[in-house]
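Since the structure comes first, as structure tokens, the remarks are kept for the end.
The values are calculated or read from the model by the stated rules, or taken from the named source; none is laboratory data. Computed from a predicted structure; not experimentally measured. Glycine gets a Cβ as well: all are built from the backbone with ideal geometry, and neighbour counts include every protein chain shown. Note: accessible area is taken over every heavy atom of the protein model, side chains too, but ligands, DNA and RNA are not part of it. Shrake-Rupley method; radii C 1.70, N 1.55, O 1.52, S 1.80 Å.
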Amino acid sequence: MNEKLNLILSNAKSDIAAATSVKELNDVKVKYQGKNGEVTKLMQGMRDIPKEDRPAFGKLVNDLRTAIDECYDAREVELKDLELQQTFLNEAVDVTLPSKKREVGSLHPLTLVKNELIDAFIGMGFEIFEGPEIEEDYYNFKMLNIPEDHPARDMQDTFYVNENILLRTQTSAGQVRVMLDKKPPIKILSPGKVYRSDDDASHSPMFHQMEGLVVDKNITLCDLKGTLDEFCKIMFGKDAKTRLRPSYFPFTEPSVEVDVSCSECHGKGCKLCKGTGWIEILGAGIVNKKVLEGCGIDSEVYSGYAFGMGIERIAILKYKIPDIRLFFENDVRFLKQFK
Ligand code: PHE
């Protein structure tokens with residue numbers, strides 16, 4: 001009998017030692033001490049043993065069970081520790097790996113140029129006024145001396161919402177609102193989106209304008225020229241020169257087209273300025289007396305100048321961008337270059 005018990009003990013010890021996980025170890029426990037386990041069966045065999053031998057046999061089986069339990073407990077501690085180490089290894093974080101890069105956005109080139117323009121004019125004492133983009137015909141055309149059937153309407157192909165409401169074609173619409181609202185002196189700058197039914201490499205159905213308006217006593221074309229000279233120096237460098245050419249706008253009289261000397265060839269003539277040495281950048285003029293009077297401003301006492309430019313046009317010239325549509329395609333490779 002002793003031999004049999006010793007054999008069970010040594011088998012159990014090697015099974016325990018061979019278990020490589022807590023789960024396998026548990027299976028070993030079932031094999032020896034479970035309902036049909038080898039040690040359990042020994043206890044069940046007790047009834048076949050002569051009565052007087054039973055206490056001694058019982059003690060032997062109990063010792064065997066204790067011995068197996070001890071081995072089992074020791075191995076369990078070992079295996080739990082190993083498994084914990086393995087978990088630590090599996091979950092280890094390599095702090096030396098490079099981190100995921102977060103893309104940092106940048107201001108849109110049009111916003112950059114708009115801010116630069118605003119800074120230039122704020123430095124000269126202008127205040128910002130932003131009018132509505134959905135505008136009344138009254139402010140966009142009629143009050144600017146462009147009555148219905150006026151040929152100037154053809155120059156600005158308009159998106160109409162209904163007969164009287166439209167998407168503003170020029171930020172000039174906001175000037176009327178300011179003049180109706182405020183007494184001179186007025187010195188404002190209106191940046192914003194405008195809309196015209198036009199679409200090609202140099203025209204977009206939505207684009208941005210920036211308009212300036214100054215109304216005060218004794219305002220002349222000289223004040224306009226001085227302001228725009230200063231502006232062009234800030235925007236295009238201190239060697240930039242300006243020139244005024246006669247033009248026509250219904251809301252200014254006289255009207256001028258303003259050119260800046262070509263920053264590429266400095267007046268010699270090149271591809272950018274089409275050989276002329278000059279680049280047209282904006283329209284301007286002395287506010288038409290009819291417009292002032294319409295807004296309740298006495299044109300015998302006050303006079304004013306206005307100018308309006310396309311922000312895209314300034315950005316195109318400044319950054320030599322070949323196609324206006326690049327501004328609106330949101331291609332990050334394009335936008336990134338202006339950080
Ligand atoms: N509003 C004109 C345009 O969009 C530009 C302009 C503004 C001209 C102010 C003169 C004075 O074409």
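Structure above, values below:
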item	result
Residue match in region 124-147 (condition: acidic (Asp, Glu), over 30 Å from residue 237 (Cβ atoms), in contact with a helix residue (DSSP H, G or I) (Cβ under 6 Å, 6 or more places away or on another chain) and not in a helix (DSSP H, G or I))	yes
Residues that are open to solvent by 70 Å² or more (accessible area, probe 1.4 Å), modelled with pLDDT of 95 or more and farther than 14 Å from residue 145 by Cβ, drawn from region 279-303	298, 300
Criterion (part of a helix (DSSP H, G or I), within 30 Å of residue 309 (Cβ to Cβ) and modelled with pLDDT of 90 or more) met by exactly one of 111, 87	111
Checklist (1) open to solvent by 10 Å² or more (accessible area, probe 1.4 Å); (2) within 15 Å of residue 132 (Cα to Cα) applied to residue 248, failing item	(2)
Matching residues in region 55-79 - criterion: being open to solvent by 70 Å² or more (accessible area, probe 1.4 Å) and in contact with a helix residue (DSSP H, G or I) (Cβ under 6 Å, 6 or more places away or on another chain)	65
Tally of residues being more than 28 Å from residue 205 (Cβ to Cβ) and in a loop (DSSP other than H, G, I, E, B) across region 289-322	8
Sole exception among (1) more than 14 Å from the ligand (Cβ to nearest atom); (2) part of a helix (DSSP H, G or I); (3) among the polar types (S, T, N, Q) for residue 162, by number	(2)
Residue in region 167-185 that is most open to solvent (accessible area, probe 1.4 Å), counting only those that are of a type outside the set (S, T, N, Q) and within 14 Å of the ligand (Cβ to nearest atom)	167
Residues of region 58-67 classified as β-branched (Val, Ile, Thr) and at pLDDT 90 or above, total	1
Checking residue 260 against (1) out of contact with any helix residue (DSSP H, G or I) (no Cβ under 6 Å at 6 or more places or on another chain); (2) of a type in the set (Val, Ile, Thr); (3) open to solvent by less than 40 Å² (accessible area, probe 1.4 Å), the condition it does not meet	(1)
Odd one out for residue 146, checked against (1) open to solvent by 50 Å² or more (accessible area, probe 1.4 Å); (2) in contact with a Pro (Cβ under 7 Å, 6 or more places away or on another chain)	(1)
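For every residue, the table says whether it meets (1) within 16 Å of the ligand (Cβ to nearest atom); (2) modelled with pLDDT of 95 or more.
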site	(1), (2)
212	yes, yes
216	no, yes
220	yes, yes
232	no, no
236	no, no
256	yes, yes
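Condition check ((1) within 21 Å of residue 187 (Cβ to Cβ); (2) within 16 Å of the ligand (Cβ to nearest atom); (3) touching a residue at least 60 places away in the same chain (Cβ under 8 Å); (4) within 20 Å of the chain's Cα centre (by Cα)) across all residues:
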| residue | (1), (2), (3), (4) |
| --- | --- |
| 273 | no, no, no, no |
| 276 | no, no, no, no |
| 279 | no, no, no, no |
| 298 | yes, no, no, no |
| 306 | yes, yes, yes, no |
| 326 | no, no, no, yes |
| 330 | no, no, no, yes |
| 334 | no, no, no, yes |
